[in-house]
Each structure stands twice: as structure tokens, then as C-alpha cells.
Amino acid sequence: MDDLSRRWRFFRAGGFDQVRLDDAEDLLAIGSLDQKLWVALSCPVKGIQFDDRTLYFIDSDADGQVRAFELINAVHWAADRLVDPSLLGRGLNGIVPGEIRADTEAGRSLADEARLLADDLGKSRDERLTVEEVSAAQAKHAVRALAAWKASGAKVALLGESTEAAFGALQAVADKIDDYFLRCRLSAFDTRAGEALNAPDEAFKALATDPLLQSESIARLPLARIASGGNLPLRQGLNPGWAAALETFRAQVVVPILGEREALMPSEWQMLKEKFSAYAVWRGSKPDDNAVDDSVRQLEQLARYVRDLMKLANNFVAFKDFYTRQGKATFQTGTLYLDGRSCELCITVVDPAQHAVLATLSRICLVYCDCVRGDQKMTIAAAFTAGDSDQLMVGRNGVFYDRQGNDWDATIVKIIDHPISLRQAFWSPYKRLAKMVGEQLQKLAASKAKENQDRIAQTTTDSVKKGASTTVPAHPVAAPVQQAFDVGKFAGILAAAGLAVGAIGTALASIVIGVLALKWWQMPLALAGFMLAISGPAVILAWFKLRTRNLGPILDANGWAINARAFINIPFGTSLTHVAELPPNAERSVIDPYAERKPLGRVFARLLLLLVAVIAIWLVVSMMLT
């Protein structure tokens, strides 16, 4: 619910009001701000330019999205553990142990861990522990835990440095020795079990056909012959498949603890296992290098919140960094240089085809580029908001610089075409007309060239045939009959042509008469009106589209939940794309040594023809007026 007693401050940007979050007091109160006034209600954890670890802590349900309530909870969690919550508004890199509350159970363990870390780093407890140092505390915690574990192992290492090898030798034969003594107890229970629990004759007969050195059947046999109340022989009468392992067990375990033995009694076996039980428990308690101590983890979380929460809120609750141009927004992944322009509104996308379905509703000209840097690959969508799209085409190459300053090879793979500027819209009708005329002229020239080629080929073929013919045909071929001249048809054609020429001449004469009837200062206005009549509709349509360009669909297609109509108007859009310009103090020579040179006589001839045409038109008009 809104806190009606609080006086919120807003700034106007992007065509809508955005809340100002200037200090920790504003940040701590975002829970009371109506979420209808938030710019975004959710953002993805991946694909944005923000600390992944901080977003991991804020994403409490680990669903890959940071939502409004998770940001609010993170702010309150950090404030409850700080002596002075105003630290959250300063963006400090880390935390001082004395800034953590020690009067609460939640903060006490964090304060103790911070003081311990300061001592490990050789820092004063009044010095700030950076986020990087706190993040590395987990490794230090693992080292301390491992050292403590090793120290406690000295108490249970009954054979000193040889305990590890002895324990391994015991573990290697433990199951097989337990199996042997259990069989012996069963044989003592019932004499009939003795023969049954020994290997049957069929088992030995099966071994006769197997390669004994590779047979696993030997290892499955008992360690020694089963007998009621029998002891385990350690030298003679052993299963060959286990002889080597039992000899190691005898030398490393039995002899150091019990002395020389030819056989091992059941009670002695139980005693050996009990002596190594404490060591087995110690080995099982070895700390995991990747295990996370909760106090260390929360200390890192608090340090990151102190540094990052204010910045995240100004790129979530409001888009301050983006619209005030004070820095890069979290969704801006870098800058694309292509076609003499630099585009600052670039975002990372996974699938251009899927992203374009929704992003086209933004009415922004988007260029999707595949970027490659060594073995690394990614795809970006760059917004072109200044210049024109004449030279934007699939396959063109550019260079993309990410936020870390790394350069990537960028290639256009897809374009969403929308108006880029009013200048482009103004000249677009003339460019289309020039393109259409050029295409028609090319088609006409190609058609005429083909007709000439066909005519030459036919003439050549006829000449060859005529020269090769040496016999006179028996029946002379009749000459083609010439059709009679159709006077009526020819007159109709001339009349139609005359009407067309007359209509064109009349129209031109009307235009010339109208222009000459104007005063000199009215002629530029007439020309401007003529151009406006041609370019006006395109400019008006482009103006409506440009002023309603919306950032929302671009981010929504990337997993955001944009809660406002984040418009990009014409002035702001122009600032997002910079067109190549010469430096202010640059010197420029207009002499081009490779410019196309035109003969001087041809220039004079064209000027003369133009002068004659103007005089002729003036004389005709003058005669018509008189």
C-alpha cells in the first residue's frame, strides 16, 4: 500500500513519470510505493549487465527472475543487519565490521565473521572489507576448516603417518573377512552348513575351462576353507585371488598392532575394526571444499547489497541511468559500430526470430548481429535511431564493443525495418522514384541489348546459310507477300501519339505558365509546397511512429516485465545513435584527385542547351500570353 504521509519525488523522462531514488531513505520506502508506478516488475537474472552473484542472492526462489517483492525483501534484510541503514544509499564497495549490528542474533554471527576475516587479512577492524575480499572468504573458511580437521586427525591416527595406508589395507579386505567369519559361525551352528558354505565341486570344475589369471570366479570363493570355529589363516591355505591383499593387510595392520600372527582370530578382527572406527569417523568428517558456511555466505550477501542495491533499484523501479544518460543501463550490453554510426542501445538476445515477434511492436529499427570473439559467440539486437537504413543489409559487418571493452566481430543476420529519422522519411519518395526509374532503365537497356544480340545472331546465321547453299531448288520459293499499307491504322496511331504529346505539352505549358506568373519570391515557396506535397505523407507517418517508439516490447521479449510505456522520442532516440561527424577543429580539403572528370566542352554544351531551352520556353509562353 502507498504511504500517504511520504512525499515522493518524480522526474519526467521517456514520456512518463519515474520515481527519484536519491538516498537510502527513498530505497527503504520502495515497499510503500504503488507498484503501478514501477518501471519494471521483473527482470531476468541472466543476460543483463549486473553482478550475477548479487542477483543470485536477491532471487530467493531461484527461478531465474528478480521480482519486485524480492527486491523489497532484499532491502529490508540488509537494513535489519546494519547499524546505519543509510549505507545502502552510498554504493560503498564492501563493509566495515563495526557497521554490522551485533545486538541481534541475525547480525552477531556476521559481525564475528567479519572481525575474523579482518584478522586473517591483517586489516584493522575499522577498515572496509571489499566485496572481492568477502567473496574470497569462503576459500579462507575452507582452508581453516581443513586445517582444523587435519589437526583433530592426529588424535585418532594410531599408527601415525602409516595410519592412512593401514586403514586402506583394512578396508580392502574388510567385507571378505566379515564374510569368512560369518560362514565359520554358521558352520558352528550346524555342521551341515560347513560343507554347503564351502565351494561346491561344480565351482572348481567350471574353473577348469576358464583362463585362471583372468577369472573372477576365484575371487568369489571364500578366503579359506570354512570350518567350525576356525581362524583366518594369514599365510597358508588362502584363496589365491585374495592372497596379495591379505598379505598387505597382515604387514600394515596385523603386525604393527598385534605382532606376528599366522592366523587371525574373530576376536582379534573385531578389536582391529574398533581401533580404526574413530579414524573412520574422522575421515568421514572431512569438510567439503565447496561447502558454504552460512555466516560467510550472509556476510558476502550483505557486502554486495551495500554496494549494489541502490544501483539495481535505479535500473528497476526507475530507469534513471538510461533516461538521464548518466551511465549505462543494466540491459545495455555494449556499443555497435556499423555503417558510420555507433549504436548504444544494444541488448543480448538468444533467438533473434523469437525475439523479433514481440520486438517489432516497439516501432524501432532493430538490427540483429551475430558476434564472435574467438570461441565465444553471442547475438545482439542494436537499435538504429539516427541516420537512414539505405546501407543496412544482411551480411554487412561491423565491430561490437562490450561493457568490458572487448571487441567482437559483428555480422547482420536480421533486420526489423522501421523509420529511423524524419530526414530519411522526407527523402524516401524521391529515393524510391530514382530506384524505380533506374530499375526500369536497366530493364530497358537489357531488353535492347538482348534484341541487338538476337538480331546479330540471326543475321549471322542467315548469312552462313545463304553462303552454304549451292543448289537451286526444284520449286522456287515464293517471295513473301507484302501487306498493303493500312492508312486508317496508321492515322489512328498518329492521332493517339499526338494526343499524348499534346497532353504532356499542355501540362508542361500550364506548369511553366503558372511558375512564370509568380513573383520571384513566390517561386521558392511554390517549390517548397511541391516537395511538401510529395514528402509530406511519408514524413507525417514517420513522425507518428517515431514519437511512439517504445522500449517495452524489446525488453519484454528478453524476459523483462516492463510496467510503463517507456517511450523513446525523437530527440532522445537521436542521442542513442551517433552519426559520423568530422571533429570541430578538423581541416578538410574538397579537392578529390580521383573524382570523375567531365570534359569542358561537354559542360559548355549542356549549359548551352539548357539556356536555349529556357529561352525557347520563355518565347513560347510570351507568345501565348500576347
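Read-outs throughout are calculated quantities, based only on the coordinates presented, and are distinct from any laboratory measurement. Keep in mind that this is a model prediction, so the values were computed, not measured. Note that we place each Cβ from the backbone using ideal geometry, even for glycine, and neighbour counts take in every protein chain shown.
Numbers below:
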read-out: Shape call, the stretch 402-459: gyration tensor on alpha carbons, a/c limit 1.5; value: oblate
read-out: Simple label model, 7 Å out from Cα along Cβ direction - ARG261 to LEU441, nm; value: 10.8
read-out: Cα shape, the stretch 232-301, gyration tensor, a/c 1.5 rule; value: prolate
read-out: Contour minus Cα-Cα distance for ASP112 and ALA449 (0.36 nm per residue); value: 112.2 nm
read-out: Sequence of SER589, SER32 once ranked by neighbouring C-beta atoms within 10 Å, starting from the fewest; value: SER589, SER32
read-out: Per-residue Cβ neighbour rank within 10 angstrom, fewest leading, HIS141, HIS418, HIS76; value: HIS76, HIS418, HIS141
read-out: Neighbour-count order for VAL394, VAL253, VAL39, fewest beta carbons within 10 angstrom listed first; value: VAL394, VAL253, VAL39
read-out: Modelled FRET efficiency - R0 60 Å, TRP8 with LYS286, Cβ distances, 0.05 increments; value: 0.65
read-out: Filter on LYS123/LYS328; LYS311/LYS545; LYS140/LYS377; LYS46/LYS377 - keep pairs with C-alpha separation over 24 Å; value: LYS123/LYS328; LYS311/LYS545; LYS140/LYS377
read-out: Cα→Cβ-extended label distance, 7 Å offset, between THR411 and ARG565, nm; value: 4.1
read-out: Label-point separation, ARG20 to ASP120 (7 Å along Cα→Cβ), nm; value: 4.3
read-out: Estimated FRET transfer efficiency when R0 is 45 angstrom, pair GLU581-SER32 (beta carbons, to 0.05); value: 0.45
read-out: Karplus-derived HN-Hα couplings along the stretch 387-395 (A = 6.51, B = -1.76, C = 1.60, θ = phi - 60°), whole Hz, x at Gly and Pro; value: x, 9, 10, 4, 10, 8, 8, 4, x
read-out: Rounded, prolate or oblate (a/c below 1.5 giving rounded, otherwise prolate when a/b exceeds b/c) for the stretch 266-387 by Cα gyration tensor; value: prolate
